[in-house]
Amino acid sequence: MKIAPIAEIKAHFSAYLKESEKGPIIVTKNGKPVAVLLGVTDEEEIERLVLAYSPKFQAVLARGRQQIQKTGGIAHEDFWKELEAEAE
């Protein structure tokens, strides 16, 4: 993992983009971390990143976890049966 100030990133942006393919780069401002430059290899990875930071999606996951804790969830087979029934 590399750490670089904003001014350095701005001056050599293409090089840092290339470097981000090897691992994340922490971007600093006045010596404090403010962002991370990540190399992305495919669209699925972009989707995972966006969902990971989506408050709405995180709220849906939290409600699902709470429901599972309360009810114990459903069996794997039952889940797929319900999903197939909805598709019909």
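The values are calculated or read from the model by the stated rules, or taken from the named source; none is laboratory data. Treat the numbers as computed from the prediction; the structure is a model and nothing was measured. All Cβ positions, even for glycine, are placed from backbone atoms using ideal geometry, and neighbour counts span all protein chains on display.
Key figures
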{"item": "K32, sole failed condition from (1) among the charged types (D, E, K, R); (2) more than 29 Å from A11 (Cβ to Cβ); (3) modelled with pLDDT of 95 or more", "result": "(2)"}
{"item": "Selection status of R63, over 30 Å from I26 (Cα atoms) and at pLDDT 90 or above", "result": "yes"}
{"item": "Strands (runs of 3 or more DSSP E) contained entirely in the chain, each with at least 3 residues that are surrounded by 10 or more Cβ atoms within 10 Å (Cβ to Cβ), of a type in the set (S, T, N, Q) and touching a helix residue (DSSP H, G or I) at 6+ places or on another chain (Cβ under 6 Å)", "result": "none"}
{"item": "Residues located in the range 22-81, provided they are among the polar types (S, T, N, Q) and over 23 Å from I3 (Cα atoms)", "result": "S54, Q58, Q66, Q67, Q69, T71"}
